[in-house]
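Everything on this sheet refers to the single structure shown next.
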Amino acid sequence: MKIDFNKNPDNLVPAIIQDAQTKNVLMLGYMNQEALEVTQKTQKVTFYSRTKQRLWTKGEESGNFLNLVDIKVDCDNDTLLVTVNPIGPTCHTGTDTCWGDKNVQDYGFLSALEEIITSRKNDMENPDSYVASLFRKGINKIAQKVGEEAVETVIEAKDDNEELFLNESADLLFHYLILLQAKGYTLDDIAQVLQKRH
């Protein structure tokens, strides 16, 4: 790994810190050659603090260390992407990231869909909501719907109509997300089980 520390007059390069699991950006710090070497040796992310004018290991006071997973250098050899497993919040203010965001796994549209399902579960008496009506009917009805959609998906998988197969697959996933919430779980819980198996 070739890093151009001489590109900036202070011999520092930006180090973007990213959670290895969630892929969220946690913070930005700066490293010089010595900070990089200490990070690689200790496996705890160490920066050069421009304020303190010395090396600074994240977590040395708080215990909220950034355990090193990997370091990559960008195409210009002057910026680092440091993937980590964080211990506790990253920001000195106590938040997960230095932008105040929660460091949670985001599955894009599926996470947004889970939020909608949660809102329907919390507003179960809404007469205009199909999802709320399923929650009102209870776990047996929700589980039955998952079973029905699974059978329909299998039937369409055996045919050649790709559009019907994709629509039944979407119905299955949608009802499965409802079932997960009915049982008190989320997609992230399932992802964690799969990760442990991997």
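The values are calculated or read from the model by the stated rules, or taken from the named source; none is laboratory data. Treat the numbers as computed from the prediction; the structure is a model and nothing was measured. Neighbour counts run over all protein chains shown; Cβ positions are idealised from the backbone, glycine included. Ligands, DNA and RNA are stripped out before the accessible areas are found, and what is left, the full protein with its side chains, is counted by its heavy atoms. Shrake-Rupley method; radii C 1.70, N 1.55, O 1.52, S 1.80 Å.
Give the label of the value calculated from the structure for Kirkwood radius over Cα pairs in Å, choosing from (1) 19.0; (2) 17.7; (3) 20.3.
It is the one labelled (3).
Under a Cβ-only charge scheme (Lys and Arg +1, Asp and Glu -1), can you give me the dipole magnitude of segment 1-117 about the Cα centre, in debye to the nearest 20?
380
Filter the trypsin sites (Lys or Arg not before Pro) in segment 56-129 to those in DSSP coil with at most 15 other Cβ atoms within 10 Å of their Cβ, and list the result.
102
Could you please report the charge total around residue 108, scoring K, R as +1 and D, E as -1 over all other residues with beta-carbon less than 14 angstrom from its beta-carbon?
That works out to -3.
Quick one: longest stretch of the chain between exposed loop chymotrypsin sites (Phe, Trp or Tyr not before Pro), exposed meaning at most 16 other C-beta atoms within 10 Å and loop per DSSP?
Longest run free of exposed loop sites: 1-98.
Which percent of the accessible area of the chain is formed by carbon and sulfur heavy atoms (probe 1.4 angstrom)?
52
Check each of the GluC sites (Glu not before Pro) in segment 46-117 and keep only those in coil by DSSP with at most 12 other C-beta atoms within 10 angstrom; list them in order.
Hits after loop and neighbour filter: 60, 61.
In debye to the nearest 20, how big a dipole does segment 54-198 give about its Cα centre with +1 on each Lys and Arg Cβ and -1 on each Asp and Glu Cβ? Walk me through the numbers on the way to the answer.
On the way: 14 positive and 26 negative charges, 172 e Å.
It works out to roughly 820 debye.
If you count only protein heavy atoms and use a 1.4 Å probe, how large is the accessible surface of residue 169, to the nearest 10 Å²?
30
Dimensions of segment 104-198 along principal axes (Cα, Å, largest first)?
Projected onto its principal axes, the Cα set of segment 104-198 covers 40, 36, 23 Å.
Report the dimensions of segment 1-98 along its three principal axes from the alpha-carbon atoms, largest first, rounded to Å.
33, 28, 23
Residue-wise, which Karplus ³J(HN,Hα) couplings in Hz belong to segment 117-125, taking 6.51 cos²θ - 1.76 cosθ + 1.60, θ = phi - 60°, and x for glycine or proline?
4, 4, 5, 5, 5, 6, 10, 4, 7
Could you order 31, 124 by accessible surface area, starting with the largest, using a probe radius of 1.4 Å?
124, 31
Residue 31: net charge of surrounding residues, Cβ under 15 Å, Lys/Arg +1, Asp/Glu -1, itself excluded?
Result for the neighbourhood of residue 31: +2.
Provide the FRET efficiency to the nearest 0.05 for the residue 10-residue 74 pair, computing r from the beta carbons and using R0 = 22 Å. Please report the intermediate quantities before stating the final value.
Working: r = 18 Å, r/R0 = 0.83.
So the FRET efficiency works out to roughly 0.75.
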